[in-house]
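A.B. asks: The structure under discussion is supplied below as structure tokens; questions concerning it will follow.
The values are calculated or read from the model by the stated rules, or taken from the named source; none is laboratory data. Worth saying up front: this structure is predicted, and the values here are computed from it rather than measured. Here the Cβ positions follow ideal geometry from the backbone for every residue, glycine too, while neighbour counts run over all protein chains shown. Side chains included, ligands, DNA and RNA excluded: accessible areas come from the protein's heavy atoms. Shrake-Rupley method; radii C 1.70, N 1.55, O 1.52, S 1.80 Å.
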Amino acid sequence: MDVERRCAGGGCLTNAGWSLDHRETRRHKDKNDGLDQRTHFERDRDRLLYSSAFHRLAGITQIVRAGEANVFHTRQQHTLKVAQVGRRLAQKLLKEQKKAAAFRGLDPEVVEAACLAHDLGHPPFGHIGEHTLNELVTKHDDDGFEGNAQSFRIMTKLAIRFPDADGIDMTRATLAACLKYPWYRGKTGKQAKKWSVYKSERIDFEFAREHHALHTEKTLEAELMDWADDVAYSVHDLEDFHRCNALPWQKVFAEKEKIIAHANRSHPVGEGRLKAAYERLKGFLEGTYTELLSEPYDGTREQREQLRRMTSQLIGTYIGAIKVNEDRSSDVAVTFDNNYVDEVHILKQITRDYIIGSPTLAAQQFGQQRIIRDLFDALTSSTDKATGYPPFLPIRLRYLRPMAGTSPARFVADCIASLSESEAIALHSRLTGAVTGSVLDPIVR
């Protein structure tokens, strides 16, 4: 098995050295402790599942706009499958590597909770909404906007659960497991592209990472969440687009060099490794599923059965890509089979090349960017000095008024990122006069 570190900073942080008390600690005393049969980590998982932020994900894009067709995953459906993959992965490692997993403190509840939380901060319209908000917020606030950092902000500050505490009040272990990029926004390198915390959540970040010497390395459970996300994304999105006949498999199998070259830019491990990964995938798909991939998808029983079997086989294979590091002296918590890592990157590149890069999706995203920009401008320019928010701001969002230590731009981003896509479109239509609507319709409930 090939071994490769996947974390920024050269390693993956072990949970070893944490006491259980440290891992289970919350910033605020939980008045419900001991009132039912649940552990601290089970309570974390349940709070996330029942949160308004998780409910909103049913109306958020995965790749194609939420509500466009039943065939496509929403962000919530994607998240549920990430959580299922993450939990099964943790259970598998606990069974197969019992001592190593116990030494590093692995808990399936923490992994599942982190998976449920990993996309809470995604704004309307998925990544195009995230990039647009980052561009707009950065003009006024150096922390910009990042979906992962917004997820952490929701859990620790914006979510409503208790009368005397902000956020959902997660345990230290769960908060740490949600930090996919455990650093603030930097000016160069990876830290300038992805980050998991704004400076406004410094106290919560330091609480989550208090027992971690190096702040640029993920915990074991964060690593499992990250890999579960990669596996679900790479397999389930391909399944969606195969069902709607949007994947030109003949071109995919004919344009090897293009796919490999593009994959090597986003996952620079050398074209030799990626070529081998491409050939393994092609051999598996053509050898086992030639009929499925060579015919238009009509939804016959046979096609549905084969597609389900193909998805199951791929996920089962890639769950086996990650292991707990048996070396107790190492800070590297996990090891990977690089063959499987490379195959997942090829699958993700196929989606990028043949779906995300399509002109029809680009046209849709152009309009979505305009909605985000118009909403940002309207909310920024119409603030009432007495209240701190515009008079037309939906009542449900008014508690988000600028908080201590945050900029007005952060407040506006919080408002927009709290909307579902249908709410964003409806509010935009009313504010621009495209649709006047009814005064009896509050749009955001």
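A.B. asks: Can you tell me how many residues within the range 104-127 are within 14 Å of the chain's Cα centre (by Cα) and assigned to a helix (DSSP H, G or I)? Quick ask: steps written out before the conclusion?
C.D. replies: Let us first name the residues in the range 104-127 that are within 14 Å of the chain's Cα centre (by Cα), namely 111-127.
If we keep only those that are assigned to a helix (DSSP H, G or I) too, we end up with 111-117, 126-127.
Residues flagged as within 14 Å of the chain's Cα centre (by Cα) and assigned to a helix (DSSP H, G or I) within the range 104-127 amount to 9.
Residues checked against (1) touching a Lys or Arg at 6+ places or on another chain (Cβ under 8 Å); (2) assigned to a loop (DSSP other than H, G, I, E, B); (3) within 21 Å of Cys115 (Cα to Cα):
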| site | (1), (2), (3) |
| --- | --- |
| Lys157 | no, no, yes |
| Asp164 | no, yes, no |
| Pro182 | yes, yes, yes |
| Gln191 | yes, no, no |
| Glu210 | yes, yes, no |
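A.B. asks: When you look at His131, is it free of Cβ contacts under 8 Å to residues at least 40 places away in the same chain and open to solvent by 30 Å² or more (accessible area, probe 1.4 Å), yes or no?
C.D. replies: Working: free of Cβ contacts under 8 Å to residues at least 40 places away in the same chain: yes; open to solvent by 30 Å² or more (accessible area, probe 1.4 Å): yes.
Yes.
A.B. asks: Any residue in the range 153-164 that's aliphatic (A, V, I, L, M): show its pairings with residues that are loosely packed, with under 14 Cβ neighbours inside 10 Å and in a helix (DSSP H, G or I) at Cβ separation under 9 Å, as long as the two are six or more apart or on different chains.
C.D. replies: Within 9 Å, the pairs are Leu158/Tyr399; Ile160/Tyr399.
A.B. asks: Still on this structure, please answer the following. Taking into account only those residues within the range 324-343 that are polar (S, T, N, Q), under 28 Å from Leu274 (Cα atoms) and over 23 Å from the mean Cα position of the chain (by Cα), which is modelled with the lowest pLDDT? Full working, then the answer.
C.D. replies: Taking the range 324-343 first, the residues polar (S, T, N, Q) are 325, 329-330, 335, 338-339.
Those still in the list that are under 28 Å from Leu274 (Cα atoms) too: 325, 335, 338-339.
Then keep just the ones that are over 23 Å from the mean Cα position of the chain (by Cα); that gives 325, 339.
Working: Asn325: 93, Asn339: 97.
My answer is Asn325.
A.B. asks: Filter the range 387-407 for residues that are among the aliphatic types (A, V, I, L, M), more than 27 Å from the chain's Cα centre (by Cα) and open to solvent by less than 50 Å² (accessible area, probe 1.4 Å) and give the result.
C.D. replies: Leu393
A.B. asks: List every residue pair whose Cβ atoms sit under 6 Å apart, with the two residues 6 or more apart in sequence or on different chains, where the first one lies in the range 191-209 and is free of Cβ contacts under 8 Å to residues at least 40 places away in the same chain and farther than 27 Å from Glu24 by Cβ and the second, anywhere, is of a type outside the set (Lys, Arg) and open to solvent by less than 30 Å² (accessible area, probe 1.4 Å).
C.D. replies: Every condition considered, the pairs that remain are Ala192/Gly186.
A.B. asks: Now, a different point. Quick check: anything in the range 292-299 within 13 Å of Ile346 (Cβ to Cβ) and open to solvent by less than 30 Å² (accessible area, probe 1.4 Å)? Working first, answer last.
C.D. replies: Narrowing the range 292-299 to residues within 13 Å of Ile346 (Cβ to Cβ): none.
The answer is no; no qualifying residue exists.
Every residue, every condition in (1) open to solvent by 50 Å² or more (accessible area, probe 1.4 Å); (2) in contact (Cβ under 8 Å) with a residue 60 or more places away in the chain; (3) touching a Lys or Arg at 6+ places or on another chain (Cβ under 6 Å); (4) among the aliphatic types (A, V, I, L, M), yes or no:
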position	(1), (2), (3), (4)
Gln368	no, yes, no, no
Ala409	no, yes, no, yes
Ala413	no, yes, no, yes
Ser438	yes, no, no, no
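A.B. asks: Which ones in the range 326-344 are in a loop (DSSP other than H, G, I, E, B) and not charged (D, E, K, R)? Reasoning before the result, please.
C.D. replies: The initial filter retains those residues of the range 326-344 that are in a loop (DSSP other than H, G, I, E, B), namely 326-333, 337.
The answer is Ser329, Ser330, Val332, Ala333.
A.B. asks: Does Trp195 fit the bill of being of a type in the set (Phe, Trp, Tyr), in contact with a His (Cβ under 8 Å, 6 or more places away or on another chain) and either at pLDDT below 95 or surrounded by 16 or more Cβ atoms within 10 Å (Cβ to Cβ) (or both)? Can you show your working first?
C.D. replies: Values: of a type in the set (Phe, Trp, Tyr): yes; in contact with a His (Cβ under 8 Å, 6 or more places away or on another chain): no; either at pLDDT below 95 or surrounded by 16 or more Cβ atoms within 10 Å (Cβ to Cβ) (or both): yes.
In short, no.
A.B. asks: A follow-up question, please. Is it the case, given these coordinates, that Thr360 is touching a helix residue (DSSP H, G or I) at 6+ places or on another chain (Cβ under 6 Å), under 30 Å from Leu274 (Cα atoms) and assigned to a helix (DSSP H, G or I)?
C.D. replies: On the way: touching a helix residue (DSSP H, G or I) at 6+ places or on another chain (Cβ under 6 Å): no; under 30 Å from Leu274 (Cα atoms): yes; assigned to a helix (DSSP H, G or I): yes.
So Thr360 fails the test.
So that you can scan it fast, the table gives a plain yes or no per residue for (1) modelled with pLDDT under 90; (2) under 30 Å from Phe253 (Cβ atoms):
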{"residue": "His345", "(1), (2)": "no, yes"}
{"residue": "Ile350", "(1), (2)": "no, yes"}
{"residue": "Ile355", "(1), (2)": "yes, yes"}
{"residue": "Ser358", "(1), (2)": "yes, yes"}
{"residue": "Leu361", "(1), (2)": "yes, yes"}
{"residue": "Gln365", "(1), (2)": "yes, yes"}
{"residue": "Gln369", "(1), (2)": "no, no"}
{"residue": "Thr406", "(1), (2)": "yes, no"}
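A.B. asks: Moving on to the next point. Would you check if Glu217 is farther than 30 Å from Gln369 by Cβ, part of a loop (DSSP other than H, G, I, E, B), modelled with pLDDT under 95 and open to solvent by less than 20 Å² (accessible area, probe 1.4 Å)?
C.D. replies: Values: farther than 30 Å from Gln369 by Cβ: yes; part of a loop (DSSP other than H, G, I, E, B): yes; modelled with pLDDT under 95: yes; open to solvent by less than 20 Å² (accessible area, probe 1.4 Å): yes.
When the stated conditions are applied, Glu217 passes them.
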